[in-house]
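Single-structure report; data block below.
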Amino acid sequence: MAGQTTRVVMPQLGESVHEGTISKWLVKPGDKVTEFEPMLEVDTDKVNAEVPAPVSGILREILAKEGETVQAGAEIAVVELGGDGKVSATPEAPAPAPKTEAPKVEKEGASIPAQQTAPPPRERGGEDSEPHRYSPGVQMAASEMKVDLTRVIGTGMGGRVTRKDVQDFAAKAKAAPAPSRPAQAPAAAPADGDQVVQLSRVRRLIAENMTRAKTTIPHAWQTQEADMSGVVANRNASKGAFQKQEGFSLTYLPYVMAAAVSALREHPEVNSTFNETELIVHRDINLGISVGLGDTLLVPVIRKADNLSIAGLARAVNDLASRAKTRQLKADELAGATFTVNNSGTFGTLFSYSVINPGQAGILTMEAIVERPVAVNGMIGIKPMMYLCFSFDHRVLDGLQAARFLTSARKWLEAVDLETPVY
C-alpha cells in the first residue's frame with residue numbers, strides 16, 4: 001500500500017531571486033532520496049545550486065521537467081515517505097538537523113533548503129545567529145502576495161515570521177493609499193536600424209529591485225573628501241609581503257570596508273532596516289559588496305565583517321568576487337546584507353549617487369583616488385584624495401546623523417599610517 005506523500009516545492013534561492021530553472025534532476029522516479037543529499041540542480045542568473053532533498057523517501061513523480069523555469073513555492077516533485085526512505089534509517093544518511101536547519105513537511109509542501117550541501121553542525125548557539133530562515137508556507141505566501149520578507153517583523157517564537165505576519169503585512173500595504181505616479185510617455189517604437197535586445201532575467205530582477213528601491217526609499221546623499229595619504233603609504237609598504245603570502249593583490253577596497261565597519265560600530269542606527277512602524281537595528285555587521293559582471297550586478301555578503309582584519313576583509317572579497325565570476329556563489333551568500341560598500345571608483349568615477357538596496361539604510365561608495373593640490377597649513381601640497389559618497393534612507397537618518405557617520409568613516413581612513421596593522 002502506498003505510503004504518505006508530500007509535494008516538494010521550489011525554494012527561494014536568495015532574497016531577490018523568485019524563480020529558477022531546473023537544469024538537471026539527479027534522481028529519477030522510483031529512486032530513493034535521502035534528506036540533505038543532492039536531489040536536483042537549479043540554475044538562476046545569480047547562482048548554480050545543487051540543492052538537497054528536504055525529506056527522505058521514494059521519488060514518485062517529477063512535476064517540473066529539466067529546462068523549465070519555476071517560481072519559488074511552486075510544486076516540482078512528489079515524494080513518498082516511509083518504506084526504504086525512512087529518515088535516518090540508512091547508514092549513509094546524515095543525522096537529522098535541528099528543526100531550524102531545514103523546513104519539514106507542511107500542508108503546502110516541503111521546501112528544499114537553499115543550500116548546496118548538507119548543513120554542517122552549528123558552531124554558534126541560538127536561533128538568532130542565522131536570520132532570514134522562513135518556512136515553505138511563509139515563502140509561498142510571500143511569493144503569492146508579493147511581500148518582501150525582509151520588511152516583515154516576525155511574531156512567532158524567536159522572532160520567526162509566520163504566515164499570519166505575511167498576511168497582515170500584505171493587508172496593511174494594500175490598505176495604504178497608493179502613491180500618485182506621474183503620467184508616462186508611451187514607449188518608443190524601434191526605428192529602422194535599431195536593435196531590440198530582450199532583457200535577461202537578471203536584468204529584469206535588477207530593474208524591479210531598483211524601481212522598488214527608488215519608489216519606496218526616500219533617498220538622500222552626502223559626500224566628504226578624504227585624505228588617503230596614510231592609506232596609500234600603508235598599502236605601498238604592505239602590498240609586496242601581502243601578495244607573496246596571500247597570492248593576490250592588496251587593494252584599497254578592504255581599507256574602506258574597515259572604515260565603514262568602524263563607523264557602523266560607532267553609529268549602529270546606520271546598520272538597520274526600516275520596517276514601517278519600527279527600526280530594526282542589526283547586531284551583526286553583514287557587508288554587501290557590489291560585484292559587476294558584464295550586464296549583471298551581484299552583491300555577495302561578508303557576514304560578521306566586524307570580526308575581520310583588513311587582510312581578512314581582502315580575503316573575503318577576493319573569494320566572493322572570484323566565485324561570482326564563475327557563478328559558484330551559494331544562494332545564502334547573496335542574502336542578508338545589512339549595509340553595502342560600492343567601489344565604482346575603480347572605473348575613475350568621482351561622485352556616485354548609488355541606489356540603496358531594499359532592507360538597508362544606506363550604501364557607501366568609494367570613488368577614484370586622485371592626486372590633487374590641497375592647502376595644508378597655508379601651503380599648497382599634492383595629496384592623494386578620494387571622495388566618499390553616502391546614499392542614505394531619509395526615513396532612518398537625518399542629515400546630521402548621516403554626516404556623523406560619514407565623518408567617522410573619513411577620520412578612520414585619515415588616521416591610517418604605516419603602523420596600522422593589515423593582519
Measure up 244/304; 146/304; 304/411; 172/214; 24/325; 28/146 against 31 Å on the Cα-Cα distance and list the ones that go over. 28/146
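Using the Cα centre of region 268-357 as the reference point, and only Cβ charges (+1 on K/R, -1 on D/E), how large is the resulting charge dipole? Debye, rounded to the nearest 20.
Numbers: 8 positive and 9 negative charges, 94 e Å.
Charge dipole of region 268-357: 460 debye, to the nearest 20.
In region 203-300, which trypsin sites (Lys or Arg not before Pro) are in a loop and have at most 15 other Cβ atoms within 10 Å, using DSSP for the loop call? Kindly include the intermediate steps, with their values, before the conclusion.
Details: sites: 203, 204, 212, 214, 235, 239, 244, 265, 283; in loops: 283.
Loop-located and lightly packed - 283.
Counting only protein chains, not ligands or nucleic acids, how are 26, 205 ordered by accessible area (probe 1.4 Å), most first? Don't skip to the end; give the middle numbers.
Values: 26 65, 205 35 Å².
Output order, biggest surface exposure first: 26, 205.
Hey, what does the equivalent ellipsoid look like for region 278-415, semi-axes from the Cα gyration tensor as sqrt of 5 times each eigenvalue, largest first, whole Å? Working shown, then result.
Working: eigenvalues 149, 80, 42 Å².
Working through the eigenvalues yields semi-axes of 27, 20, 15 Å.
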Please find the FRET efficiency linking residue 307 to residue 370, where r is the Cβ-Cβ separation and R0 is fixed at 35 Å, and quote it to the nearest 0.05. 0.60
What Kirkwood hydrodynamic radius do you get for region 181-310 when you take the inverse of the mean 1/r over all pairs of distinct Cα atoms, in Å? 19.2 Å
Using θ = phi - 60° and the Karplus form 6.51 cos²θ - 1.76 cosθ + 1.60, what ³J(HN,Hα) does each residue of region 33-39 get, whole Hz, x for Gly and Pro? 10, 10, 3, 6, 8, x, 10
Selection from 282, 378, 308 lying farthest towards where the dipole of region 275-385 points positive, charges on Cβ: 308
Burial ranking of peptide ranges 330-338, 345-353 (average Cβ count within 10 Å, highest at the top): 330-338, 345-353
When the chain is fully extended, how far beyond the present Cα-Cα distance does residue 207 get from residue 168, taking 0.36 nm per residue of separation? 11.3 nm
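Roughly speaking, what is the stretch gain from residue 244 to residue 28, that is 0.36 nm per residue apart minus the C-alpha to C-alpha distance, in nm to one decimal?
Stretched fully, the residue 244-residue 28 segment lengthens by 72.9 nm.
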Using θ = phi - 60° and the Karplus relation 6.51 cos²θ - 1.76 cosθ + 1.60, list the HN-Hα couplings for region 245-258 in order, rounded to whole Hz, with x at every Gly or Pro. 7, 9, x, 8, 7, 7, 9, 7, 4, x, 5, 5, 4, 5
Roughly how much of residue 69 is accessible, in Å² to the nearest 10, using a 1.4 Å probe? 80 Å²
Taking r as the C-beta separation of residue 419 and residue 60 and R0 as 60 Å, the FRET efficiency to the nearest 0.05 is 0.35
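The values are calculated or read from the model by the stated rules, or taken from the named source; none is laboratory data. Keep in mind it's a predicted model, so treat the numbers as computed, not measured. Here the Cβ is made from the backbone with ideal geometry for all residues, glycine too, and neighbour counts use every protein chain on show. Please note that ligands, DNA and RNA were not included when accessible areas were found on the heavy atoms of the full protein model with its side chains. Shrake-Rupley method; radii C 1.70, N 1.55, O 1.52, S 1.80 Å.
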